[in-house]
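Participant: After the C-alpha coordinates below, expect a handful of questions from me.
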Amino acid sequence: MITETIKRFVSRLRRPTGPARIPVERHGIDPRHVSRNAVKVCETLRHQGYDAYIVGGAVRDLILGLEPKDFDVATNATPEQIRPLFRRARIIGRRFQLVHVVFGREIIETSTFRAPSSGEQETDEHGRILRDNVFGNQEQDAVRRDFTMNALYYDPLTQTVIDYHNGVEDLKQRVIRMIGDPATRYREDPVRMLRAVRFAAKISGRIDDATQAPISGLAALIENVPASRLFDEMLKLLTCGHAMDCLQQLRSAGLHKGLLPLLDVVLEQPDGKRFVTLALERTDARVRTGKTVSPSFLFAALLWQQVASRWHELETRGEHRIPALVQAADSVLEEQTGKLAIQRRFTADMRDIWFMQPRLVRRPGRAVWRLVEQPRFRAACDFLQLRAAAGEIDSVDAQWWMDLANADDSLRAEMIDGLAQLPRDTDGDAPAARKPRRRRRRPSNARPSSNPPDNAA
(Lines give C-alpha, C1' and ligand atoms only; values in the text may rest on other atoms or scores of the structure.)
Protein backbone atom coordinates (compact mmCIF):
# COMPACT_ATOMS: atom_id res chain seq x y z
CA MET A 1 0.00 0.00 0.00
CA ILE A 2 2.85 2.41 0.92
CA THR A 3 4.65 1.66 -2.35
CA GLU A 4 1.50 2.32 -4.36
CA THR A 5 0.91 5.62 -2.53
CA ILE A 6 4.49 6.76 -3.22
CA LYS A 7 4.15 5.90 -6.90
CA ARG A 8 0.94 7.89 -7.18
CA PHE A 9 2.52 10.86 -5.37
CA VAL A 10 5.55 10.85 -7.68
CA SER A 11 3.36 10.53 -10.78
CA ARG A 12 1.36 13.56 -9.69
CA LEU A 13 4.56 15.58 -9.16
CA ARG A 14 5.67 14.74 -12.68
CA ARG A 15 2.31 15.59 -14.19
CA PRO A 16 1.87 19.12 -15.53
CA THR A 17 -0.63 21.37 -13.78
CA GLY A 18 -4.20 21.22 -15.02
CA PRO A 19 -6.16 18.22 -16.26
CA ALA A 20 -4.82 15.49 -18.48
CA ARG A 21 -6.28 15.57 -22.01
CA ILE A 22 -6.42 12.00 -23.20
CA PRO A 23 -6.82 11.34 -26.94
CA VAL A 24 -8.96 8.61 -28.44
CA GLU A 25 -5.88 6.44 -29.03
CA ARG A 26 -5.49 6.09 -25.26
CA HIS A 27 -9.06 6.04 -23.94
CA GLY A 28 -10.48 3.94 -26.79
CA ILE A 29 -14.07 5.28 -26.81
CA ASP A 30 -15.92 4.34 -29.99
CA PRO A 31 -17.99 7.39 -31.05
CA ARG A 32 -20.55 5.09 -32.64
CA HIS A 33 -21.58 4.00 -29.14
CA VAL A 34 -22.18 7.56 -27.94
CA SER A 35 -25.81 8.71 -27.78
CA ARG A 36 -26.60 10.97 -30.70
CA ASN A 37 -28.97 12.95 -28.47
CA ALA A 38 -26.23 13.58 -25.90
CA VAL A 39 -23.98 14.82 -28.71
CA LYS A 40 -26.81 17.08 -29.89
CA VAL A 41 -27.15 18.62 -26.41
CA CYS A 42 -23.41 19.32 -26.34
CA GLU A 43 -23.49 20.81 -29.85
CA THR A 44 -26.45 23.07 -29.01
CA LEU A 45 -24.81 24.40 -25.85
CA ARG A 46 -21.48 24.92 -27.63
CA HIS A 47 -23.26 26.82 -30.41
CA GLN A 48 -24.62 29.19 -27.76
CA GLY A 49 -21.13 29.82 -26.38
CA TYR A 50 -21.20 27.44 -23.40
CA ASP A 51 -18.91 24.54 -22.51
CA ALA A 52 -20.53 21.10 -22.52
CA TYR A 53 -19.24 17.56 -22.01
CA ILE A 54 -20.61 14.06 -21.60
CA VAL A 55 -19.73 13.13 -18.04
CA GLY A 56 -19.80 10.47 -15.33
CA GLY A 57 -20.98 6.89 -15.67
CA ALA A 58 -21.43 7.00 -19.45
CA VAL A 59 -17.76 7.92 -19.96
CA ARG A 60 -16.71 5.23 -17.49
CA ASP A 61 -18.73 2.54 -19.27
CA LEU A 62 -17.62 3.63 -22.74
CA ILE A 63 -13.94 3.31 -21.73
CA LEU A 64 -14.64 -0.16 -20.31
CA GLY A 65 -16.42 -1.21 -23.50
CA LEU A 66 -19.81 -1.44 -21.79
CA GLU A 67 -23.08 -0.04 -23.09
CA PRO A 68 -24.17 2.94 -20.92
CA LYS A 69 -27.73 2.87 -19.62
CA ASP A 70 -28.02 6.65 -19.86
CA PHE A 71 -26.02 9.73 -20.76
CA ASP A 72 -25.43 12.86 -18.66
CA VAL A 73 -24.08 16.22 -19.79
CA ALA A 74 -22.25 18.81 -17.64
CA THR A 75 -22.02 22.45 -18.67
CA ASN A 76 -21.23 25.94 -17.37
CA ALA A 77 -24.75 27.09 -18.37
CA THR A 78 -27.26 27.45 -15.55
CA PRO A 79 -30.59 25.54 -15.56
CA GLU A 80 -32.43 28.74 -16.52
CA GLN A 81 -30.06 29.21 -19.47
CA ILE A 82 -30.32 25.56 -20.59
CA ARG A 83 -34.08 25.11 -20.62
CA PRO A 84 -35.01 27.65 -23.37
CA LEU A 85 -32.52 26.05 -25.80
CA PHE A 86 -34.52 22.82 -26.17
CA ARG A 87 -38.10 22.18 -27.23
CA ARG A 88 -38.75 19.60 -24.51
CA ALA A 89 -36.82 20.40 -21.33
CA ARG A 90 -37.75 20.84 -17.69
CA ILE A 91 -35.90 21.86 -14.52
CA ILE A 92 -36.09 19.27 -11.74
CA GLY A 93 -34.55 18.61 -8.34
CA ARG A 94 -34.55 20.18 -4.91
CA ARG A 95 -31.15 19.23 -3.54
CA PHE A 96 -29.48 19.65 -6.95
CA GLN A 97 -31.27 21.55 -9.70
CA LEU A 98 -30.70 20.17 -13.17
CA VAL A 99 -32.46 19.95 -16.52
CA HIS A 100 -34.03 16.92 -18.19
CA VAL A 101 -33.82 17.29 -21.97
CA VAL A 102 -36.28 14.84 -23.53
CA PHE A 103 -35.79 13.11 -26.88
CA GLY A 104 -38.60 10.60 -27.30
CA ARG A 105 -37.93 7.87 -24.73
CA GLU A 106 -34.38 9.07 -23.98
CA ILE A 107 -33.69 11.70 -21.34
CA ILE A 108 -30.36 13.53 -21.30
CA GLU A 109 -29.76 14.76 -17.74
CA THR A 110 -27.96 18.11 -18.04
CA SER A 111 -26.37 19.67 -14.95
CA THR A 112 -24.40 22.84 -14.25
CA PHE A 113 -20.81 22.61 -13.01
CA ARG A 114 -20.92 22.73 -9.22
CA ALA A 115 -18.51 23.78 -6.55
CA PRO A 116 -17.42 21.26 -3.86
CA SER A 117 -18.71 21.43 -0.29
CA SER A 118 -17.62 24.64 1.42
CA GLY A 119 -19.21 23.97 4.80
CA GLU A 120 -21.95 26.51 4.09
CA GLN A 121 -24.41 24.09 2.50
CA GLU A 122 -27.52 23.05 4.37
CA THR A 123 -26.79 19.74 6.13
CA ASP A 124 -28.39 17.49 8.74
CA GLU A 125 -26.87 16.69 12.12
CA HIS A 126 -24.79 13.87 10.58
CA GLY A 127 -23.23 16.04 7.86
CA ARG A 128 -25.43 14.86 4.96
CA ILE A 129 -25.93 17.69 2.45
CA LEU A 130 -29.63 18.54 2.11
CA ARG A 131 -29.51 21.43 -0.34
CA ASP A 132 -26.65 22.49 -2.61
CA ASN A 133 -27.00 24.65 -5.70
CA VAL A 134 -23.62 26.39 -5.59
CA PHE A 135 -22.35 26.55 -9.14
CA GLY A 136 -18.66 26.46 -10.06
CA ASN A 137 -16.25 25.70 -12.89
CA GLN A 138 -15.25 22.38 -14.43
CA GLU A 139 -12.28 21.81 -12.13
CA GLN A 140 -14.46 22.41 -9.06
CA ASP A 141 -17.10 20.12 -10.50
CA ALA A 142 -14.51 17.35 -10.85
CA VAL A 143 -13.52 17.77 -7.18
CA ARG A 144 -17.17 17.52 -6.13
CA ARG A 145 -17.70 14.14 -7.84
CA ASP A 146 -17.36 11.00 -5.76
CA PHE A 147 -14.85 8.61 -7.39
CA THR A 148 -11.97 9.30 -9.73
CA MET A 149 -13.42 7.11 -12.47
CA ASN A 150 -16.64 9.19 -12.41
CA ALA A 151 -14.83 12.54 -12.74
CA LEU A 152 -14.15 12.12 -16.45
CA TYR A 153 -15.39 14.55 -19.13
CA TYR A 154 -15.74 13.45 -22.75
CA ASP A 155 -15.77 16.05 -25.51
CA PRO A 156 -17.69 14.39 -28.40
CA LEU A 157 -16.54 17.07 -30.84
CA THR A 158 -12.80 16.43 -30.36
CA GLN A 159 -13.16 12.87 -28.92
CA THR A 160 -10.94 13.92 -25.99
CA VAL A 161 -11.33 12.81 -22.35
CA ILE A 162 -10.49 15.45 -19.74
CA ASP A 163 -9.18 13.83 -16.54
CA TYR A 164 -8.46 15.83 -13.36
CA HIS A 165 -7.85 12.97 -10.90
CA ASN A 166 -6.06 10.19 -12.76
CA GLY A 167 -9.43 8.48 -13.22
CA VAL A 168 -8.59 6.79 -16.52
CA GLU A 169 -5.60 5.05 -14.94
CA ASP A 170 -7.70 3.96 -11.92
CA LEU A 171 -10.32 2.68 -14.32
CA LYS A 172 -7.75 0.69 -16.27
CA GLN A 173 -6.49 -0.78 -12.97
CA ARG A 174 -10.11 -1.44 -11.81
CA VAL A 175 -9.63 0.56 -8.59
CA ILE A 176 -12.46 2.44 -6.88
CA ARG A 177 -10.87 5.53 -5.30
CA MET A 178 -12.64 8.39 -3.51
CA ILE A 179 -11.84 12.00 -4.39
CA GLY A 180 -10.99 13.81 -1.15
CA ASP A 181 -11.26 12.47 2.39
CA PRO A 182 -13.45 9.33 2.24
CA ALA A 183 -15.02 9.72 5.70
CA THR A 184 -16.04 13.30 4.98
CA ARG A 185 -17.45 12.41 1.58
CA TYR A 186 -19.46 9.51 3.06
CA ARG A 187 -20.92 11.82 5.68
CA GLU A 188 -21.94 14.27 2.97
CA ASP A 189 -23.77 11.48 1.15
CA PRO A 190 -23.89 7.98 2.73
CA VAL A 191 -25.16 6.50 -0.54
CA ARG A 192 -21.58 6.77 -1.78
CA MET A 193 -20.76 3.71 0.34
CA LEU A 194 -23.32 1.70 -1.61
CA ARG A 195 -22.02 3.07 -4.88
CA ALA A 196 -18.47 2.00 -4.01
CA VAL A 197 -19.69 -1.57 -3.47
CA ARG A 198 -21.72 -1.56 -6.68
CA PHE A 199 -18.92 -0.19 -8.85
CA ALA A 200 -16.41 -2.68 -7.46
CA ALA A 201 -18.75 -5.56 -8.29
CA LYS A 202 -19.74 -4.16 -11.68
CA ILE A 203 -16.20 -3.72 -13.03
CA SER A 204 -14.80 -6.77 -11.17
CA GLY A 205 -12.43 -4.45 -9.35
CA ARG A 206 -11.54 -3.52 -5.79
CA ILE A 207 -12.11 -0.62 -3.45
CA ASP A 208 -8.95 1.32 -2.58
CA ASP A 209 -7.84 0.66 1.02
CA ALA A 210 -8.29 4.28 2.12
CA THR A 211 -11.71 4.39 0.46
CA GLN A 212 -12.76 1.11 2.09
CA ALA A 213 -11.50 1.81 5.63
CA PRO A 214 -14.28 4.12 6.97
CA ILE A 215 -17.25 2.18 5.54
CA SER A 216 -17.85 -0.25 8.41
CA GLY A 217 -17.70 2.50 11.00
CA LEU A 218 -20.07 4.78 9.07
CA ALA A 219 -22.52 2.10 7.85
CA ALA A 220 -25.19 3.30 10.30
CA LEU A 221 -25.46 6.57 8.36
CA ILE A 222 -27.46 4.69 5.75
CA GLU A 223 -30.37 4.93 8.20
CA ASN A 224 -30.50 8.70 7.56
CA VAL A 225 -30.96 8.46 3.79
CA PRO A 226 -34.53 8.91 2.47
CA ALA A 227 -36.15 5.52 1.88
CA SER A 228 -37.11 6.34 -1.71
CA ARG A 229 -33.48 7.10 -2.59
CA LEU A 230 -32.34 3.88 -0.92
CA PHE A 231 -34.81 1.93 -3.01
CA ASP A 232 -33.43 3.43 -6.23
CA GLU A 233 -29.85 2.62 -5.19
CA MET A 234 -30.77 -0.88 -4.05
CA LEU A 235 -32.43 -1.55 -7.39
CA LYS A 236 -29.22 -0.49 -9.16
CA LEU A 237 -27.23 -2.86 -6.92
CA LEU A 238 -29.50 -5.78 -7.72
CA THR A 239 -29.58 -5.13 -11.47
CA CYS A 240 -25.90 -4.39 -12.09
CA GLY A 241 -25.24 -7.95 -13.27
CA HIS A 242 -23.33 -8.94 -10.11
CA ALA A 243 -26.11 -8.91 -7.53
CA MET A 244 -24.87 -11.73 -5.28
CA ASP A 245 -21.40 -10.22 -5.05
CA CYS A 246 -22.98 -6.90 -4.06
CA LEU A 247 -25.10 -8.49 -1.33
CA GLN A 248 -22.12 -10.34 0.11
CA GLN A 249 -20.07 -7.14 0.22
CA LEU A 250 -22.98 -5.25 1.77
CA ARG A 251 -23.20 -7.87 4.52
CA SER A 252 -19.46 -7.85 5.20
CA ALA A 253 -19.54 -4.06 5.64
CA GLY A 254 -22.77 -4.07 7.65
CA LEU A 255 -24.49 -1.87 5.05
CA HIS A 256 -27.39 -4.26 4.42
CA LYS A 257 -29.00 -3.53 7.81
CA GLY A 258 -30.36 -0.27 6.49
CA LEU A 259 -31.52 -1.83 3.23
CA LEU A 260 -32.62 -5.43 3.66
CA PRO A 261 -32.96 -6.08 7.40
CA LEU A 262 -34.36 -9.54 6.66
CA LEU A 263 -31.34 -10.57 4.61
CA ASP A 264 -29.43 -12.09 7.54
CA VAL A 265 -32.42 -14.22 8.47
CA VAL A 266 -32.81 -15.46 4.89
CA LEU A 267 -29.16 -16.17 4.09
CA GLU A 268 -28.47 -17.95 7.37
CA GLN A 269 -31.03 -20.61 6.41
CA PRO A 270 -29.72 -23.16 3.87
CA ASP A 271 -32.97 -23.21 1.90
CA GLY A 272 -33.23 -19.43 2.01
CA LYS A 273 -29.70 -18.90 0.76
CA ARG A 274 -30.23 -21.37 -2.06
CA PHE A 275 -33.45 -19.68 -3.16
CA VAL A 276 -31.98 -16.15 -3.08
CA THR A 277 -28.83 -17.29 -4.87
CA LEU A 278 -30.87 -18.89 -7.67
CA ALA A 279 -33.02 -15.77 -8.01
CA LEU A 280 -30.03 -13.44 -8.24
CA GLU A 281 -28.11 -15.72 -10.61
CA ARG A 282 -31.07 -15.71 -12.98
CA THR A 283 -31.37 -11.94 -12.64
CA ASP A 284 -27.66 -11.50 -13.43
CA ALA A 285 -28.03 -13.76 -16.48
CA ARG A 286 -30.90 -11.63 -17.80
CA VAL A 287 -28.97 -8.40 -17.23
CA ARG A 288 -25.88 -9.72 -19.02
CA THR A 289 -27.92 -10.75 -22.07
CA GLY A 290 -29.64 -7.38 -22.28
CA LYS A 291 -33.06 -8.57 -21.08
CA THR A 292 -35.30 -6.53 -18.83
CA VAL A 293 -35.63 -7.27 -15.12
CA SER A 294 -38.86 -6.80 -13.18
CA PRO A 295 -38.30 -5.10 -9.79
CA SER A 296 -41.53 -6.71 -8.56
CA PHE A 297 -40.28 -10.22 -9.34
CA LEU A 298 -36.85 -9.49 -7.90
CA PHE A 299 -38.10 -8.23 -4.53
CA ALA A 300 -40.78 -10.93 -4.42
CA ALA A 301 -37.97 -13.49 -4.67
CA LEU A 302 -35.78 -11.77 -2.05
CA LEU A 303 -38.59 -11.70 0.50
CA TRP A 304 -40.31 -14.99 -0.35
CA GLN A 305 -38.51 -17.17 2.19
CA GLN A 306 -39.53 -14.86 5.00
CA VAL A 307 -43.13 -14.80 3.73
CA ALA A 308 -43.19 -18.60 3.41
CA SER A 309 -41.77 -19.05 6.92
CA ARG A 310 -44.38 -16.79 8.51
CA TRP A 311 -47.09 -18.37 6.39
CA HIS A 312 -46.19 -21.78 7.82
CA GLU A 313 -46.12 -20.39 11.38
CA LEU A 314 -49.59 -18.92 11.03
CA GLU A 315 -50.95 -22.16 9.61
CA THR A 316 -49.59 -24.15 12.52
CA ARG A 317 -51.50 -21.81 14.82
CA GLY A 318 -54.74 -22.75 13.11
CA GLU A 319 -55.12 -19.97 10.53
CA HIS A 320 -56.71 -20.95 7.22
CA ARG A 321 -54.26 -21.28 4.37
CA ILE A 322 -55.05 -18.26 2.17
CA PRO A 323 -55.73 -15.76 5.01
CA ALA A 324 -52.49 -16.95 6.60
CA LEU A 325 -50.59 -16.16 3.38
CA VAL A 326 -52.16 -12.70 3.24
CA GLN A 327 -51.18 -11.98 6.86
CA ALA A 328 -47.63 -13.23 6.27
CA ALA A 329 -47.22 -11.02 3.20
CA ASP A 330 -48.59 -7.98 5.04
CA SER A 331 -46.26 -8.40 8.01
CA VAL A 332 -43.12 -8.90 5.90
CA LEU A 333 -43.90 -5.96 3.63
CA GLU A 334 -44.67 -3.72 6.58
CA GLU A 335 -41.36 -4.59 8.21
CA GLN A 336 -39.38 -4.23 5.00
CA THR A 337 -40.90 -1.05 3.58
CA GLY A 338 -40.11 0.76 6.82
CA LYS A 339 -36.47 0.66 5.68
CA LEU A 340 -36.79 0.46 1.92
CA ALA A 341 -39.62 2.37 0.23
CA ILE A 342 -40.72 -0.24 -2.27
CA GLN A 343 -43.21 1.57 -4.48
CA ARG A 344 -46.86 0.62 -4.13
CA ARG A 345 -47.14 -0.55 -7.73
CA PHE A 346 -44.32 -3.02 -7.07
CA THR A 347 -45.76 -4.32 -3.78
CA ALA A 348 -49.12 -4.88 -5.52
CA ASP A 349 -47.40 -7.02 -8.16
CA MET A 350 -45.42 -8.86 -5.48
CA ARG A 351 -48.65 -9.78 -3.71
CA ASP A 352 -50.19 -11.06 -6.95
CA ILE A 353 -47.16 -13.28 -7.56
CA TRP A 354 -47.24 -14.65 -4.01
CA PHE A 355 -51.01 -15.13 -3.81
CA MET A 356 -51.09 -17.14 -7.06
CA GLN A 357 -48.62 -19.72 -5.74
CA PRO A 358 -51.17 -21.88 -3.81
CA ARG A 359 -53.41 -21.93 -6.88
CA LEU A 360 -50.61 -22.97 -9.23
CA VAL A 361 -49.60 -26.10 -7.32
CA ARG A 362 -52.98 -27.76 -7.75
CA ARG A 363 -55.06 -28.76 -10.76
CA PRO A 364 -58.09 -26.50 -10.63
CA GLY A 365 -59.74 -27.72 -13.84
CA ARG A 366 -61.37 -25.06 -15.99
CA ALA A 367 -60.65 -22.41 -13.34
CA VAL A 368 -57.22 -22.35 -15.00
CA TRP A 369 -58.65 -19.93 -17.56
CA ARG A 370 -59.23 -17.36 -14.84
CA LEU A 371 -55.59 -17.71 -13.75
CA VAL A 372 -54.31 -17.32 -17.31
CA GLU A 373 -56.13 -14.01 -17.59
CA GLN A 374 -54.35 -12.55 -14.54
CA PRO A 375 -51.84 -9.77 -15.47
CA ARG A 376 -49.06 -11.35 -13.37
CA PHE A 377 -49.72 -14.92 -14.54
CA ARG A 378 -46.46 -15.26 -16.49
CA ALA A 379 -44.44 -13.80 -13.61
CA ALA A 380 -46.15 -16.22 -11.20
CA CYS A 381 -45.20 -19.15 -13.46
CA ASP A 382 -41.58 -17.96 -13.57
CA PHE A 383 -41.67 -17.72 -9.79
CA LEU A 384 -43.05 -21.25 -9.57
CA GLN A 385 -40.15 -22.51 -11.66
CA LEU A 386 -37.76 -20.76 -9.31
CA ARG A 387 -39.38 -22.56 -6.39
CA ALA A 388 -39.06 -25.86 -8.26
CA ALA A 389 -35.36 -25.24 -8.91
CA ALA A 390 -34.92 -24.63 -5.18
CA GLY A 391 -36.63 -27.95 -4.40
CA GLU A 392 -39.79 -26.49 -2.88
CA ILE A 393 -42.23 -28.08 -5.31
CA ASP A 394 -42.39 -30.69 -8.07
CA SER A 395 -40.52 -29.51 -11.17
CA VAL A 396 -42.95 -31.42 -13.44
CA ASP A 397 -45.88 -29.34 -12.19
CA ALA A 398 -43.90 -26.12 -12.57
CA GLN A 399 -42.98 -27.03 -16.15
CA TRP A 400 -46.63 -27.77 -17.00
CA TRP A 401 -47.58 -24.24 -15.97
CA MET A 402 -44.69 -22.74 -17.90
CA ASP A 403 -45.70 -24.71 -21.00
CA LEU A 404 -49.21 -23.37 -20.53
CA ALA A 405 -47.93 -19.81 -20.27
CA ASN A 406 -45.96 -20.24 -23.52
CA ALA A 407 -48.78 -21.98 -25.44
CA ASP A 408 -51.23 -20.37 -27.84
CA ASP A 409 -54.99 -20.42 -27.17
CA SER A 410 -55.71 -23.68 -29.01
CA LEU A 411 -52.92 -25.58 -27.26
CA ARG A 412 -53.97 -24.11 -23.95
CA ALA A 413 -57.48 -25.42 -24.51
CA GLU A 414 -56.12 -28.92 -25.16
CA MET A 415 -53.93 -28.81 -22.06
CA ILE A 416 -56.76 -27.60 -19.84
CA ASP A 417 -59.22 -30.13 -21.26
CA GLY A 418 -56.66 -32.80 -20.45
CA LEU A 419 -56.91 -31.86 -16.78
CA ALA A 420 -60.39 -33.36 -16.66
CA GLN A 421 -58.85 -36.80 -17.22
CA LEU A 422 -56.59 -36.46 -14.17
CA PRO A 423 -57.48 -36.80 -10.48
CA ARG A 424 -57.62 -33.57 -8.53
CA ASP A 425 -54.34 -32.92 -6.69
CA THR A 426 -54.72 -31.56 -3.18
CA ASP A 427 -51.14 -32.07 -2.01
CA GLY A 428 -48.55 -29.39 -1.43
CA ASP A 429 -49.88 -25.86 -1.18
CA ALA A 430 -53.39 -26.73 -2.33
CA PRO A 431 -56.28 -26.48 0.12
CA ALA A 432 -57.88 -29.61 1.47
CA ALA A 433 -60.80 -31.17 -0.40
CA ARG A 434 -64.12 -29.51 0.28
CA LYS A 435 -66.26 -31.32 2.84
CA PRO A 436 -69.68 -32.58 1.67
CA ARG A 437 -72.57 -30.34 2.57
CA ARG A 438 -74.72 -31.47 5.50
CA ARG A 439 -78.30 -32.37 4.65
CA ARG A 440 -81.01 -30.36 6.34
CA ARG A 441 -82.99 -32.42 8.87
CA ARG A 442 -86.63 -32.88 7.92
CA PRO A 443 -89.14 -31.61 10.52
CA SER A 444 -90.78 -34.41 12.49
CA ASN A 445 -94.24 -33.46 11.21
CA ALA A 446 -93.14 -33.21 7.58
CA ARG A 447 -94.80 -35.44 5.06
CA PRO A 448 -92.48 -38.22 3.80
CA SER A 449 -91.44 -38.02 0.18
CA SER A 450 -92.84 -40.53 -2.21
CA ASN A 451 -89.34 -40.90 -3.72
CA PRO A 452 -86.87 -41.25 -0.82
CA PRO A 453 -83.13 -40.90 -1.58
CA ASP A 454 -81.15 -44.03 -2.33
CA ASN A 455 -79.24 -43.85 0.98
CA ALA A 456 -82.43 -43.56 3.08
CA ALA A 457 -82.94 -46.24 5.70
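Participant: Quick one: accessible area per residue over segment 175-259, 1.4 Å probe, rounded to a whole number of Å²?
Facilitator: Result: 33 Å² of accessible area for each residue.
Participant: Compare the peptides 384-394, 221-231 by average per-residue count of other Cβ atoms within 10 angstrom and give them in order, highest first.
Facilitator: Result, highest mean Cβ count within 10 Å first: 384-394, 221-231.
Participant: For Cys42, Cys240, give the ranking by accessible area with the largest first, probe 1.4 Å.
Facilitator: Highest to lowest solvent-accessible surface, that is Cys240, Cys42.
Participant: Starting at the first residue of segment 230-240, write each ³J(HN,Hα) from the Karplus equation 6.51 cos²θ - 1.76 cosθ + 1.60 with θ = phi - 60°, in whole Hz, x for Gly and Pro.
Facilitator: 5, 4, 4, 6, 5, 5, 5, 4, 7, 10, 8
Participant: Just to make sure I understand: if all protein chains stay in place, what is the order of His27, His242, His33, His47 by accessible area at 1.4 Å, largest first?
Facilitator: The ranking, largest first, comes out as His47, His33, His242, His27.
Participant: Any of Lys202/Lys291; Lys40/Lys202; Lys236/Lys273; Lys172/Lys273; Lys236/Lys257; Lys172/Lys257 with alpha carbons more than 27 Å apart? Name them for me.
Facilitator: Result: Lys40/Lys202; Lys172/Lys273; Lys172/Lys257 exceed 27 Å.
Participant: With unit charges on the beta carbon (Lys/Arg positive, Asp/Glu negative), name the residue among Gly136, Tyr153, His33 whose Cα is farthest towards the positive pole of the charge dipole of segment 18-173.
Facilitator: Checking the options against the dipole of segment 18-173, the answer is His33.
Participant: Another question, if that's okay. Taking only the alpha-carbon positions of segment 18-173 and ignoring solvent, what does the Debye formula give for the base-10 log of I(q)/I(0) at q = 0.20 Å⁻¹?
Facilitator: -1.31
Participant: Have a look at the DSSP beta bridges in segment 18-173 and tell me what percent are antiparallel, nearest 5.
Facilitator: Among the beta bridges of segment 18-173, antiparallel pairing accounts for roughly 85 percent.
Participant: What's the carbon and sulfur percent of segment 150-248's accessible surface, probe 1.4 angstrom, rounded to a whole number?
Facilitator: Using a 1.4 Å probe with all protein chains present, segment 150-248 comes out at 46 percent carbon and sulfur.
Participant: Looking at segment 212-324 from every direction and averaging, what is the projected area of its Cα convex hull in nm²?
Facilitator: Over every viewing direction, the Cα hull of segment 212-324 projects on average to 8.6 nm².
The values are calculated or read from the model by the stated rules, or taken from the named source; none is laboratory data. Values in this document were obtained by computation on a predicted structure and should not be read as measured data. Positions of Cβ are backbone-derived with ideal geometry, glycine not excepted, and every protein chain shown enters the neighbour counts. Quick note on the areas: whole protein, heavy atoms, side chains included, nothing else; ligands and nucleic acids left out. Shrake-Rupley method; radii C 1.70, N 1.55, O 1.52, S 1.80 Å.
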